[in-house]
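The values are calculated or read from the model by the stated rules, or taken from the named source; none is laboratory data. It should be emphasised that the depicted structure is a prediction, and the values quoted were computed from it without experimental measurement. Don't worry about glycine lacking a Cβ; one is built from the backbone with ideal geometry, like all the others, and counts go over all protein chains shown.
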Amino acid sequence: MSQKKILLTRRFPAIAAQMLSEAGFSVSTRQTDEPMMHDELLQKAASHNGLLCTLSDKINGDFIRQNAHLDVISQFAVGYDNIDIAEANSQGIPVGYTPDVLTDATADTAFGLMIATSRKMFYLHKSIIAGNWTYFKPNSNLGVELKSKTLGIFGLGRIGAEMAKRCKGAYNMKVIYHNRNRNIEAEKALGATYVSFEELLANSDVLSLHCALNEQTKGLFNQKVFEKMKPSAIFINTARGLIHNEADMIEALNNGKIWGAGLDVTNPEPMKPDNPLLRMENVCILPHIGSATVETRSEMAKLAAQNIIGLYNKQGMQHVVNPEVLK
Ligand code: DGY
């Protein structure tokens, strides 16, 4: 086999390039964290056989048609909404991704945001920096408790199940969920109850999103939906920012339709520093760090590299979005 050329679209944990080099690939690695401009990506991909890419690389229909020669696209993420999978299918290009290894880190982020939001932690931290810590006030800075509350999971897959496990263990929360299909295994393991979307909205004290971004979920959490939630509800999104409508969320928070929000994902990303959400008392925002631990990012890099190696050495890709193209 002639030496295959793999393009790494940015600086990934070094283990990815190392594994690929050791497996005999010629590896082009970008030396900065900054994403490539789309034109540069298009141009570079033209002279490579495979791509190791991530969320903000726009692998759309045009890109794939212009790079139909690619043997593989290996995504460093569990989500792949930046990739036109239908076009990858048409061109017969397998798309790898990195589920499982980031489940705990992402569930920890959702769990942490839930606690931080319920106790206004980010806002209070900022108020100390602003010099507003004066004296002990029995009636101020009050959060809400989570003990025995109802956790609603929208999208009970691997990450949602881990979030539910944490909430049950720590706070004995009752777990309800809504999915396209029932998850009987998780129902048994977690004592989770399947409910309709309307029931999920009406009964969740904490509503945590763990679904994929797709045509059905894009913009789903809008004004109409927030209006159906409890005024005391905390909304958590560690999935994708495009699933909630930000203007509608701001309105819902300002008008007491929901109590608070903890977001690891926003729309757009990065969020602008003057965004009103950043100044709200019951809101905690993180810069899309769900999988950002040393251990998890290293495992993601290994899996993304292994997906490429496995394709060429015929061991097979461990995690592939569109296995049908491999047949
Ligand atoms: C993913 O993997 O989809 C996360 O959002 C990034 O870690």
(message) Cβ-Cβ under 8 Å, sequence separation 6+ or interchain: first residue in the range 292-320 and at pLDDT 95 or above and within 16 Å of the ligand (Cβ to nearest atom), partner of a type in the set (S, T, N, Q) and in a helix (DSSP H, G or I). Which pairs?
(response) Q318/Q306; Q318/N307; H319/N307; V320/N307
(message) Tally up the residues in the range 69-85 that are within 16 Å of the ligand (Cβ to nearest atom), part of a strand (DSSP E or B) and of a type in the set (V, I, T), please.
(response) 2
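Scan the range 222-242 for residues that are under 16 Å from the mean Cα position of the chain (by Cα) and buried (at least 23 other Cβ atoms within 10 Å of the Cβ) and report the count. Talk me through it step by step, then tell me what you get.
First pass over the range 222-242, keeping only residues under 16 Å from the mean Cα position of the chain (by Cα): 235-242.
Now restrict to residues that are buried (at least 23 other Cβ atoms within 10 Å of the Cβ): 235-240.
Within the range 222-242, residues that are under 16 Å from the mean Cα position of the chain (by Cα) and buried (at least 23 other Cβ atoms within 10 Å of the Cβ) number 6.
From the list L41, L52, exactly one residue is buried (at least 17 other Cβ atoms within 10 Å of the Cβ), under 22 Å from G316 (Cβ atoms) and among the aliphatic types (A, V, I, L, M). Which is it? Please lay out each step first, then the result.
Working: L41 fails: under 22 Å from G316 (Cβ atoms).
So the residue among L41, L52 that is buried (at least 17 other Cβ atoms within 10 Å of the Cβ), under 22 Å from G316 (Cβ atoms) and among the aliphatic types (A, V, I, L, M) is L52.
Conditions tested, residue by residue: (1) part of a helix (DSSP H, G or I); (2) among the β-branched types (V, I, T); (3) out of contact with any helix residue (DSSP H, G or I) (no Cβ under 6 Å at 6 or more places or on another chain); (4) at pLDDT below 95.
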| site | (1), (2), (3), (4) |
| --- | --- |
| M163 | yes, no, no, no |
| R182 | no, no, yes, no |
| L200 | yes, no, yes, no |
| C211 | no, no, yes, no |
| I236 | no, yes, no, no |
| A239 | no, no, yes, no |
| L242 | yes, no, yes, no |
| D248 | yes, no, no, no |
| E251 | yes, no, yes, no |
(message) Is it the case, given these coordinates, that Q66 is within 28 Å of K218 (Cα to Cα), away from the ligand (no atom under 16 Å from the Cβ) and not small (G, A, S)?
(response) yes
